[in-house]
Amino acid sequence: MSDLDGKKYDYVIVGGGVAAAAAVGGIREVDESGSILVLGAEPDGPVYRPDLSKKLWLDKDASLEKTQLLDGKQAQLETSSPVAAIDPGAHTVQVQGGDTVTYGKLLLATGSTPRTLDLPDSDRVIYYRTAADYRRLRDLAGKDTEVTAVGAGYIGAEIASALTQNDAKVTMIFDEELVQQRIFPSSIAELITKDFTDRGVRLIAKKQVAAGSLADDTVAIQVGDGTSVEAGVVVVGIGVTPRVELAEAAGIDTDNGIVVDDHLRTSAPDVYAAGDVASYEDALLGRRRVEHVDNAEAMGKKAGRNLAGADEVYDYTPIFWSDLFDNGYEAVGDLDSRLDTVEDWNDDHTAAVVYYLGDDMVRGVLLWNVWDSSDKARDVIAKSRDGKLDRDKLVGTIPTS
């Protein structure tokens with residue numbers, strides 16, 4: 001037993017990510033003195049997770065210490081403290097190892113866990129997600145290091161771009177024809193793919209990882225056609241799944257995430273959820289789950305305020321963004337290349353606004369090299385939903401320059 005056992009807190013937050021840190025801030029806006037306990041499973045406290053695949057690789061002045069989101073003054077932070085079970089009826093949380101704490105209000109900000117492959121259990125195979133993953137990759141991926149990146153989606157493309165800009169020799173293995181083909185229309189996916197190739201990234205497209213093996217200081221990856229790729233480190237970014245196990249075991253409603261209402265309350269009394277794990281009713285797009293930091297920050301803050309009694313509706317439609325070499329984008333809503341798209345390019349074909357439509361309604365807007373237009377994108381989605389903006393009037397609605 002530790003000093004935690006038997007203690008009671010006004011607020012307990014399960015999870016140590018961005019949503020948890022934002023929730024602490026939200027609580028403190030309403031309740032300056034209530035006791036807060038944050039239980040994080042990782043050895044590090046909450047960090048600004050986008051920096052792990054962006055700023056920390058591209059800004060020489062950036063450091064992991066500067067990404068820390070809690071200073072220890074606003075709440076009691078316990079790292080390396082995974083939760084074994086919650087009991088909504090008794091208002092208790094059991095920490096692995098046996099400690100049990102009692103809460104007044106509980107927030108589940110358990111986030112998501114990376115999808116894995118049938119690869120050797122080695123510290124040279126990194127399912128990139130945490131500050132510890134960043135440290136390990138930094139140690140292994142120096143100049144001219146051979147790196148295999150598996151996956152060409154959001155994280156896979158970002159980290160391959162960042163590593164290449166740090167002079168690593170990157171090979172990407174992915175099961176699509178083009179980089180980020182599942183997100184973007186072919187016009188943009190082709191531009192991205194060419195950019196990666198021009199930067200020296202070796203692309204092994206339309207292939208799946210079949211197996212892997214270790215030999216001395218290398219990892220060999222075998223793909224479906226028998227090709228073997230050897231590297232000093234393998235970075236896997238093939239998506240995540242929401243961590244709903246605690247909620248499910250406690251009888252809390254789940255459906256591709258922990259189901260919450262418009263105040264971020266779960267089906268259990270005094271239990272809320274926020275961040276990657278929460279399935280919520282988006283004010284513009286209906287029920288969805290979002291795995292991006294803007295949502296974690298906004299939802300976490302709102303959940304914290306509501307834990308402390310604010311009684312506010314979460315009606316925010318978040319954005320997400322990325323930078324890939326010299327190109328970048330912001331986006332609102334659902335980006336899925338299987339949807340119908342309307343593309344609006346500028347004259348020199350360097351910037352575009354892409355509208356994604358489902359059932360004749362705009363479901364998402366991509367702002368490719370177009371900035372400071374996310375509010376306009378939300379307005380387009382709202383007008384489309386309300387029948388005030390037809391498909392044939394989309395082009396020109398948001399300026400491309």
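The values are calculated or read from the model by the stated rules, or taken from the named source; none is laboratory data. Note that the structure is predicted; figures quoted are calculated from it, not measured. Cβ: placed from backbone, ideal geometry, glycine included. Neighbour counts: every protein chain shown. Each accessible area value is taken on the protein alone, full model and side chains, heavy atoms only, with ligands, DNA and RNA left out. Shrake-Rupley method; radii C 1.70, N 1.55, O 1.52, S 1.80 Å.
Numbers below:
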quantity: Pairs, first under 23 Å from Glu32 (Cβ atoms) and open to solvent by less than 10 Å² (accessible area, probe 1.4 Å) in segment 307-318, second of a type in the set (Phe, Trp, Tyr) and in a loop (DSSP other than H, G, I, E, B), C-beta under 8 Å, six or more apart; calculated: none
quantity: Residue count, segment 362-387 (criterion: polar (S, T, N, Q) and not in a helix (DSSP H, G or I)); calculated: 2
quantity: Set Tyr356, Tyr329: member being open to solvent by less than 30 Å² (accessible area, probe 1.4 Å) and free of Cβ contacts under 8 Å to residues at least 24 places away in the same chain; calculated: Tyr356
quantity: Count of segment 55-101 residues which are free of Cβ contacts under 8 Å to residues at least 40 places away in the same chain and either within 21 Å of the chain's Cα centre (by Cα) or in a loop (DSSP other than H, G, I, E, B) (or both); calculated: 15
quantity: Selection count where residues are under 19 Å from Asp123 (Cα atoms), in contact with a Leu (Cβ under 9 Å, 6 or more places away or on another chain) and of a type outside the set (Val, Ile, Thr), scope segment 137-159; calculated: 4
quantity: Filter result for the condition that a residue is open to solvent by 60 Å² or more (accessible area, probe 1.4 Å), acidic (Asp, Glu) and either in contact with a Leu (Cβ under 7 Å, 6 or more places away or on another chain) or at pLDDT below 95 (or both), over Asp225, Asp253; calculated: Asp225
quantity: Test: residue in segment 5-16 that is open to solvent by 20 Å² or more (accessible area, probe 1.4 Å) and either in contact with a Cys (Cβ under 9 Å, 6 or more places away or on another chain) or of a type in the set (Val, Ile, Thr) (or both); calculated: no
quantity: Candidate set from segment 107-144 (those that are closer than 21 Å to Glu245 by Cβ and basic (Lys, Arg)); member that is nearest to the chain's Cα centre (by Cα); calculated: Arg129
quantity: Residue in segment 178-197 that is without any contact (Cβ under 8 Å) to a residue 12 or more places away in the chain and not in a loop (DSSP other than H, G, I, E, B) present; calculated: yes
quantity: Flag if Ile155 is β-branched (Val, Ile, Thr), within 22 Å of Arg49 (Cα to Cα) and open to solvent by less than 20 Å² (accessible area, probe 1.4 Å); calculated: no
quantity: Residue identified as farther than 23 Å from Arg338 by Cβ and either modelled with pLDDT of 95 or more or surrounded by fewer than 17 Cβ atoms within 10 Å (Cβ to Cβ) (or both) among Leu191, Leu178, Leu163; calculated: Leu163
quantity: Candidate set: segment 200-216, residues that are assigned to a strand (DSSP E or B) and of a type in the set (A, V, I, L, M, F, W, C); chosen: the one most open to solvent (accessible area, probe 1.4 Å); calculated: Leu214
quantity: Test: Ile27 is buried (at least 24 other Cβ atoms within 10 Å of the Cβ), assigned to a strand (DSSP E or B) and in contact with a strand residue (DSSP E or B) (Cβ under 9 Å, 6 or more places away or on another chain); calculated: no
quantity: Residue within segment 233-248 that is open to solvent by less than 20 Å² (accessible area, probe 1.4 Å), in a helix (DSSP H, G or I), modelled with pLDDT of 95 or more and of a type in the set (Gly, Ala, Ser) present; calculated: yes
quantity: Residue check for Val219: part of a strand (DSSP E or B), touching a Pro at 6+ places or on another chain (Cβ under 8 Å), surrounded by 15 or more Cβ atoms within 10 Å (Cβ to Cβ) and not aromatic (Phe, Trp, Tyr); calculated: yes
quantity: Residues of segment 359-370 satisfying the condition of being modelled with pLDDT of 95 or more and more than 30 Å from Asp167 (Cα to Cα); calculated: Met361, Val362, Arg363, Gly364, Val365
quantity: Condition check for Thr197: buried (at least 22 other Cβ atoms within 10 Å of the Cβ), closer than 19 Å to Asp323 by Cβ and polar (S, T, N, Q); calculated: no
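Rundown of residues vs (1) of a type in the set (A, V, I, L, M, F, W, C); (2) assigned to a strand (DSSP E or B); (3) over 23 Å from Val365 (Cβ atoms); (4) at pLDDT 95 or above, yes/no style:
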site: Leu284; (1), (2), (3), (4): yes, no, no, yes
site: Ala310; (1), (2), (3), (4): yes, no, yes, yes
site: Ser322; (1), (2), (3), (4): no, yes, no, yes
site: Glu330; (1), (2), (3), (4): no, yes, no, yes
site: Val342; (1), (2), (3), (4): yes, yes, no, yes
